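Trainee: Can you read through this structure? Questions will come right after.
Bear in mind these aren't lab numbers, they're just calculated from the coordinates by the rules spelled out. Computed from a predicted model, the values in this text were never measured in an experiment. Ideal geometry is used to build each Cβ from the backbone, glycine not excepted, and the neighbour counts take in all protein chains shown.
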Amino acid sequence: MKIAVLSTNRELYSTRRLIEAGEERGHEMLVINHKRCYMNITSHNPSIHLRGESITGVDAVIPRIGASVSFYGTAVVRQFEMMGVYSVNESVAITRSRDKLRALQLLSRKGVGLPVTGFANYADDTDDLLQMTGGAPVVIKLLEGTQGVGVVLAETKKAASSVIEAFRGLNANVMVQEFISEAGGADIRCFVVGDKVVAAMKRQGKEGEFRSNLHRGGSASLIKITPEERSTAVRSARVMGLNVAGVDLLRSNHGPVVMEVNSSPGLEGIENATSKDVAGMIIAFIEKNARKGRTRTRGRG
Ligand code: ADP
């Protein structure tokens, strides 16, 4: 098969590993920088061009779309779908998971465990918003943040009100969430391929840090997850319609709660922590499922 990884940087660990895993399995692999693609959306014969040439003969794409280029990146994925090219994660599924609120609403509708979460664009009554989520301590998140930036723990009502008001002053969308202190600064990344968790790791924040992001100095280790955690992760990916997903869970007193479902989960942390060939599993999934024109929207089921 001819499989394209949509990535802006071929040197990234995840991109390199996908190329390597595909070549090992006898496929023709290429990297396409989706930011550089341009396309004709009006013709009867939709096409994508890159550096003056039309991209042809691609059987499947693996989108690795960064959060900052979601809008254009998903448009490129959609164009491939219009051309009948199989995408391991569909554009609409990526869009669902990128909108944090929409994602939580979809998960909540399907009864997936979530931290109690409030959201406001303009809250006159900060006290009531706090009350709604059970009161301090709360975690306040900027909706646009990634890698733990804009995630604040407010331990008192006073601190929470000041942070919410400060964010509001910046015209930012904020989410207020029950603080799951029993998670002890750790979360669990479940890597889902198809309808299985193929690898899982625990990420522990550094001493005194409640955020477990590896970019913030957290460390990763192998973990055995419970059947409930496994089914929560698989269901979350399915609700989003993602075939490949990184589902982040916290262990709360009331069972696993989902923080986020990531549509371009990194391979470096998970492969190093588990010594598993996750890239190879993604390629194997494509071998089994890619068919021309199989771009039907799934998910939310
Ligand atoms: P980002 O998407 O920017 O990484 P997250 O919402 O995943 O932001 O939060 C970053 C980290 O902060 C999480 O991985 C988790 O360790 C911690 N965290 C986030 N929300 C909560 C919460 N409600 N309770 C406890 N810890 C949390």
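Trainee: Please state the relative contact order of the chain as a whole percent: Cα pairs under 8 Å, 6+ residues apart?
Mentor: 19 percent
Trainee: From the phi angles alone, apply the Karplus equation (6.51, -1.76, 1.60; θ = phi - 60°) to the range 125-130 and give each ³J(HN,Hα) in whole Hz, x where the residue is Gly or Pro.
Mentor: Computed from phi, the couplings for the range 125-130 are 10, 4, 4, 5, 4, 5 Hz.
Trainee: Another question, then. Would you kindly state the longest site-free stretch of the chain, with sites defined as GluC sites (Glu not before Pro) in a DSSP loop (not H, G, I, E, B) surrounded by at most 16 other Cβ atoms within 10 Å?
Mentor: Of all site-free stretches, the longest is 12-143.
Trainee: Let me know the whole percent of all Cα-Cα pairs from the range 152-301 that are separated by more than 25 Å.
Mentor: Every Cα pair in the range 152-301 considered, those over 25 Å come to 38 percent.
Trainee: Loop sites only, by DSSP: take the trypsin sites (Lys or Arg not before Pro) in the chain that have at most 11 other C-beta atoms within 10 Å and name the longest stretch containing none of them.
Mentor: No qualifying site falls inside 52-223, the longest such stretch.
Trainee: Now a separate question. Any aspartates and glutamates with Cα under 19 Å of the LYS2 Cα? List them, leaving off those in the same chain fewer than 8 positions away.
Mentor: GLU20, GLU23, GLU24, GLU28, GLU53, ASP59, GLU81, GLU90, GLU287
Trainee: Over the range 236-301, calculate the relative contact order: mean separation of alpha carbon pairs under 8 Å at least 6 apart, over the residue count, as a percent.
Mentor: Relative CO of the range 236-301 lands at 35 percent.
Trainee: Two decimals, Cα atoms only, Kirkwood Rh: what is Rg/Rh over the chain?
Mentor: 0.99
Trainee: Taking the Cα atoms of the range 2-96 alone, what are Rg (to one decimal) and Dmax (as a whole number) in Å?
Mentor: According to the Cα coordinates of the range 2-96, Rg and Dmax are 12.6, 38 Å.
Trainee: Going down the table (LYS100/LYS196; LYS100/LYS276; LYS110/LYS288; LYS141/LYS196; LYS35/LYS288; LYS202/LYS276), which pairs top 20 Å between alpha carbons?
Mentor: The answer is LYS100/LYS196; LYS100/LYS276; LYS110/LYS288; LYS141/LYS196; LYS35/LYS288.
Trainee: With just the Cα atoms defining each centre, how far is the range 98-114 from the range 1-74? Give it in Å.
Mentor: One Cα centre to the other: 29 Å.
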